[in-house]
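Okay, so here's the structure we're looking at.
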Amino acid sequence: MKFYKYQGAGNDFLIADNRDGSIVLSVEQIAALCDRRYGVGADGLMLLDGPQGDEDFRMTYYNSDGSGGMMCGNGGRCIVAFAADMGITDFRFHAADGPHVAEILSSEGPCKRVRLQMKDVASYDRYEALTGVSVPSEGCFLDTGTRHYVRTVEGLDGYDVTGEGGDIRYHAAELQPVGANVNFIEPSGNVLKVRTYEKGVEDETFACGTGIVASCIAAYKTGISPTEVMPDGRVRYDVKAKRDSLSVDFRPVSGKEGVAEDVYLTGPATFVAEVSVAL
């Protein structure tokens, strides 16, 4: 079976073309493929499935432990880059959280810069503290296609993201039984620094697209100034993940209508390798 490895801001994925519907993988097979010592190694695995109705393809996403049922922003950009490399020219697709549209802004060698429309964010919950955790936990909860908790901290570069993120992910009563990814943010000049502990990977990853979106919206809601306020009222945050740079722009919404709409995530998506595996 042939897989293609892509990475988006260091978040890496195995992707297969499943437009003919022939690929069926078990949880154990997915986990084995994503294992970094005994498999190929990846933060997640995706299938590019055939369209159903008015779309160009479907994105099916699995975490490295084989669990699924969520959206991945970096994965979304990578599957768009993969679709383009497979000859697809329009990028309307369906993921676990609904429809998405994307465009490729530039392409240089194996790297494409992709602008991906994310889901509107309808709610935002603020907590002074979470029940059941032993670490400071003031922050907020948002769903950007995947469930996220966001905390503002100082000294993010040296922060114990894995330890504190794992405590909140597993033990916060307010986030159970599903849990949530946990994001730690810190403004640095006109850039927002973001680090994320991802459930399903159960560790810090180099970047999390839905987490970066959640972090930027949470930053706006808590008074952290955006990089740019546009003439039409949209705002943009430039983001520094663990190594790469991305951006998020959206239209803030006030009142009962929601929190943010017309949300876009822009960043790199890079082809790494073609891999043939025996299952």
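Values quoted throughout were computed directly from the atomic coordinates according to the rules given, and no laboratory measurement underlies them. Bear in mind that the values here come from a model prediction, so they are computed numbers and not experimental data. Glycine gets a Cβ as well: all are built from the backbone with ideal geometry, and neighbour counts include every protein chain shown.
In Å, the Kirkwood hydrodynamic radius of the stretch 67-116 over pairs of distinct alpha carbons?
Details: mean 1/r = 0.0887 Å⁻¹.
Taking the inverse mean of 1/r over all distinct Cα pairs, the stretch 67-116 comes out at 11.3 Å.
Amide H to amide H under 5 Å from ASP56: which residues, 5+ apart in sequence or cross-chain, H placed 1.01 Å off N in plane? Those lying under 5 Å, H to H, from ASP56 are ARG92, PHE93. With a Förster radius of 25 Å applied to the C-beta separation of SER134 and ARG243, the computed FRET efficiency comes to 0.25. Within a straight-line Cα-Cα reach of under 20 Å, LYS112 can be paired with the following aspartates and glutamates, leaving aside sequence neighbours fewer than 8 residues apart in one chain: ASP12, ASP17, ASP43, ASP56, ASP85, ASP90, GLU103, ASP238, ASP244, ASP249, GLU274.
Between helix 209-221 and the chain there is an angle of about 20 degrees, using the helix long axis and the longest principal axis of the Cα atoms. Computed on the stretch 125-265, the Cα convex hull volume stands at 107 Å³ per residue.
Among DSSP bridges having both ends in the stretch 1-92, what percentage is antiparallel? Round to the nearest 5.
Working: 12 of 18 bridges.
So the antiparallel bridges in the stretch 1-92 amount to around 65 percent.
Protection proxy ranking of 178-185, 271-278, by the mean of other Cβ atoms within 10 Å over each peptide's residues and highest first, is 178-185, 271-278. Principal-axis analysis of the Cα atoms of the chain puts helix 73-85 at an angle of about 30° to the longest axis. Which residues does a label at TYR170 reach in the stretch 187-211, if reach means a backbone N under 14 Å from a point 7 Å past the Cα toward the Cβ? Under cut-off, by backbone N: 198-204.
Normalised radius of gyration (Cα atoms, divided by 2.2 N^0.38 Å) for the stretch 210-279: 1.45.
Based on alpha-carbon atoms, the Kirkwood radius and the radius of gyration of the chain give Rg/Rh equal to 0.95. For THR205, nonlocal amide neighbours, meaning residues 5 or more places apart or on other chains whose placed amide H falls under 5 Å from its own, are THR196, GLU198.
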